[in-house]
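Written below as structure tokens is the structure these notes are about.
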Amino acid sequence: MKKIYAFESKCLGCGLCEVHCKTAHSKSKDIIKANKKENITSAIVIEEILQPKAVSYFALQCRHCQKPKCVKACISGAMYKTEDGIVKNNKDKCVACLSCVLVCPYGAVRKSKEGKSVSKCDLCIEVGTPQCVLHCPNDAIKLLDETEAEALK
Amino acid sequence: MKYVIIGNSAAGINAVDAVRSKDKKADITIISNEEFPAYGRPLISYYLSGKIKPEFMNYRDDDFYTSRNIELLLNCEAEKLDVENKKVITSLGKQISYDKLLLATGSVPFIPPIKELASQDNVFTFLTYKESRRLKEKITKKSKVVIAGAGLIGLKAAEGLFGQVAKITVIDLADRVMASVLDKTAASLIQSRIEQNDIDFKLGVSVSEVEGGNSVSRAILSNGESLECDILIIAVGVRPNVKLAKDAGLKVARGIVVDEFMQTSREDIYAAGDCVESLDMLSNENKILALWPNASQQGETAGLNMAAGNKEKAPVAFAMNAISFFGLQLISAGIIGEADKNSIFDIEANKLRRLNIVDDRLVGYVLINDQQRAGIYTALINDKTKLSTLEYDIKAKDIGLSVYPKESRICKIWSKD
């Protein structure tokens with residue numbers, strides 16, 4: 001399956017991926033309303049790496065593990081893996097116990113700001129194309145399958 | 001091939017999934033002594049509070065059993081194993097044959113010796129959906145509730161009842177709440193948050209006697225104090241449900257003894273979840289780790305091995321918990337140890353970050369309302385990562401994947417697992 005890979009050398013840390021992630025997961029689908037009015041948690045973690053003379057960044061999304069620990073840890077059955085291999089969280093069933101946060105080795109699942117569920121990358125399956133990838137101005141995140149990713153590693 | 005699974009919760013369901021993934025045609029029967037399809041057992045406190053509606057209690061989709069062609073026997077007690085003839089004898093007198101059997105019998109509540117305690121109609125345990133429903137029906141705005149046990153189950157019951165009854169008092173013999181999971185500092189944060197919601201604690205004492213006829217009306221504590229009580233919840237702990245295994249002559253210590261493949265002392269019988277002893281990788285001792293993630297992992301492992309021969313080893317295990325009380329989020333893992341100034345890195349009102357570092361390795365942590373990437377700490381414990389090989393001092397700042405050197409970080413992100 002395809003998932004999103006980060007390229008540290010290209011990431012500017014601009015945060016546009018987060019802006020578009022929030023928009024894609026908003027009710028309004030409007031970039032201004034989604035980011036200013038709706039209380040949405042981005043499913044992307046942007047990390048800053050402090051080096052002696054510079055700062056670099058990378059953006060991290062759910063790795064959609066083959067054996068997802070979050071799915072096994074989930075107490076309500078809200079976290080599940082689709083037949084396509086995408087790890088999804090059903091917000092209706094999620095009680096935000098954070099068992100998934102406890103076990104995700106990537107720290108790629110986070111409590112959502114409204115506090116009632118968790119936020120994680122769903123590869124924008126409802127929208128179509130991952131919006132973070134589409135709007136990254138410097139190709140620092142790409143949607144790749146395993147072979148493509150291995151070639152670019 | 002005929003698989004029989006006794007138990008219909010985390011271990012049982014994940015085992016069934018694993019068996020089905022390897023064997024599309026086999027007969028699979030689940031025997032459950034409960035009346036509901038599999039539900040998220042820890043959700044029973046959310047049901048009690050009303051936060052979760054009955055339609056969201058199910059652990060899997062409504063068509064889980066039918067779509068996978070699984071026979072589900074509800075309200076059915078497995079009473080005896082005939083291991084020679086490979087049969088399970090049930091309460092309805094039915095004999096169910098198996099080729100491979102999984103014991104996923106879970107825990108039973110431990111009932112401490114309390115004078116005059118029988119099965120009065122206002123005495124509850126808090127381990128099943130049925131009990132939670134019975135409790136919800138029984139309580140009124142005037143109820144005075146006494147909960148024996150300030151562990152995870154007792155406190156979640158208290159939170160579930162909050163706002164629905166007149167008074168809640170939680171009793172525990174230990175000097176702090178969640179004594180098996182938390183140090184004093186963390187426990188006092190949790191306790192004071194719960195107290196702010198008018199829930200009383202009486203610690204260092206136990207319930208020694210109850211008064212009343214068919215219904216309990218007072219609880220007498222070990223220090224002589226007497227409390228009005230029209231609902232008594234016994235939540236002092238659980239014990240592995242090992243009766244079937246023991247009676248059948250399987251090797252049982254505190255829990256059912258299994259090997260790394262989740263196989264019991266009999267070749268065709270596996271066991272998983274709260275009823276077994278797991279090897280705690282941190283203490284290197286066999287322990288009962290009655291935890292949901294552990295049960296589902298072990299269930300999956302057992303299922304795969306039952307269906308395809310012993311190939312899969314159960315993942316390493318250690319204690320871990322994620323739970324919240326009145327908005328205070330607690331995440332902890334590993335060996336907690338005693339808190340001191342060398343282990344607490346952030347503490348303020350309602351917030352704490354404590355790391356237990358021993359010999360260059362993280363062996364445990366407690367986070368209360370702290371930042372959100374706890375799983376990276378869990379991975380450091382799990383992988384026994386040498387902290388000196390990391391990019392920064394984990395005590396100094398929030399954890400992120402940037403803690404790993406570039407090469408191993410890329411390796412993780414690009415991992416095919």
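Just so it is clear, none of the values below were taken in a lab; they were calculated from the coordinates. Just so it is clear, the model here is predicted, and its values are computed rather than measured. Cβ coordinates were reconstructed from backbone atoms using ideal geometry, including for glycine residues, and neighbour counts include every protein chain displayed.
Put in order of Cβ neighbour count within 10 Å, fewest first, the listed residues B:M306, B:M281 become B:M281, B:M306.
Tell me what chain B gives for mean residue ellipticity at 222 nm when only DSSP H runs of n ≥ 4 count, each as -39,500 (n - 2.57), the sum divided by the residue total, rounded to 500 deg cm²/dmol. Taking each H run of at least 4 residues, the total per residue is -6500 deg cm²/dmol.
Counted over the protein assembly as shown, the DSSP beta bridges are approximately 65% antiparallel. Shape class for chain B: oblate, because the ratio a/c of the largest to smallest gyration tensor axis (alpha-carbon atoms, square roots of eigenvalues) is 1.5 or more and b/c is at least a/b. If you look at the Cα atoms of the range B:123-236, you get an Rg and a Dmax of 13.3, 41 Å. A simple packing score, the average count of other Cβ atoms within 10 Å per residue, orders the peptides B:261-271, A:134-144 as B:261-271, A:134-144, with the highest score first. Peptide B:407-414 has a mean shielding of 5, counted as Cβ atoms of other protein chains within 10 Å of each residue's Cβ.
Beta bridges per DSSP, both residues in the range B:167-266: antiparallel share near 60 percent. Comparing B:Q371, B:L355, B:S343 along the charge dipole axis of the range B:327-413, the residue lying farthest to the positive side is B:Q371, per the Cβ-charge model.
Structure shown: which of A:K37/A:K72; A:K67/A:K111; A:K69/A:K153; B:K138/B:K184; A:K113/B:K167 lie over 28 Å apart, alpha-carbon to alpha-carbon? Listed pairs above 28 Å: A:K37/A:K72; B:K138/B:K184; A:K113/B:K167. Put simply, the amide H of B:V170, placed in the peptide plane, has neighbours under 5 Å in B:I147, B:D200, B:F201, B:K202, leaving out anything fewer than 5 places away on its chain.
Subtracting the Cα-Cα distance of A:S9 and A:L50 from 0.36 nm times their residue separation leaves 13.4 nm of extension gain.
Restricting the calculation to alpha carbons of the range B:327-413 gives Rg and Dmax of 12.7, 39 angstrom. From the largest down, the range B:372-417 spans 30, 19, 19 angstrom on the principal axes of its Cα atoms. Sorted from longest to shortest, the spans of the Cα atoms of the range A:22-112 along the three principal axes equal 45, 34, 26 Å. Let me make sure I get this right: for the range B:257-379, a, b and c are the square roots of the gyration tensor eigenvalues over alpha carbons, sorted descending. Under 1.5 in a/c it's rounded, otherwise prolate if a/b > b/c, else oblate. Which is it? Since a/c reaches 1.5 and a/b is larger than b/c, the shape of the range B:257-379 is classed as prolate. Among B:S408, A:S9, the order by Cβ neighbours within 10 angstrom, fewest to most, reads A:S9, B:S408. The string of couplings for the range B:54-59 from the Karplus curve (6.51, -1.76, 1.60, θ = phi - 60°) is x, 5, 9, 6, 4, 6 Hz, one whole number per residue in order, with x for Gly and Pro.
Partnerless cysteines in chain A, where a partner means another cysteine C-beta under 4.7 angstrom, comprise A:C11, A:C14, A:C21, A:C65, A:C74, A:C94, A:C97, A:C104, A:C124, A:C136. The 3J(HN,Hα) values that the Karplus relation (6.51, -1.76, 1.60; θ = phi - 60°) gives for the range B:77-87 are, in residue order, 8, 7, 9, 7, 10, 9, 6, 5, 9, 6, 9 Hz. Gly and Pro appear as x. For the range B:226-235, putting each phi into the Karplus relation 6.51 cos²θ - 1.76 cosθ + 1.60 with θ = phi - 60° gives couplings of 10, 10, 5, 7, 10, 9, 10, 10, 9, 9 Hz, in residue order, rounded to whole numbers and with x for Gly and Pro. Volume per residue for the protein assembly as shown equals 164 cubic angstrom (convex hull of Cα atoms). Listed by chain and number, the aspartates and glutamates whose alpha-carbon sits under 13 Å from that of B:K144, ignoring those within fewer than 8 places in the same chain, are B:D198, B:D200, B:E228, B:D230.
Within the shell of other residues whose beta carbon sits under 13 angstrom from the beta carbon of A:D92, the net charge comes to +4, with Lys and Arg scored +1 and Asp and Glu -1. Extent of chain A along its three principal axes (Cα atoms, max minus min coordinate, largest first): 44, 37, 33 Å. Here each label is just a point 7 Å from Cα along the line to Cβ, and for B:N310 and B:S49 those points are 4.4 nm apart.
Remark: mean inter-chain Cβ contacts per residue of B:320-326 equal 4, using a 10 Å Cβ-Cβ cutoff to other protein chain atoms. What is the set of long-range amide H partners of A:M79 at a cut-off below 5 Å, with H atoms built 1.01 Å from backbone N? So A:M79 has HN proximity to A:N90. Amide hydrogen proximity for B:V238: with H placed 1.01 Å from N in the peptide plane, the residues at 5 or more positions away or on another chain lying under 5 Å are B:F110. With both residues required to sit in chain B, DSSP beta bridges show an antiparallel share near 55%.
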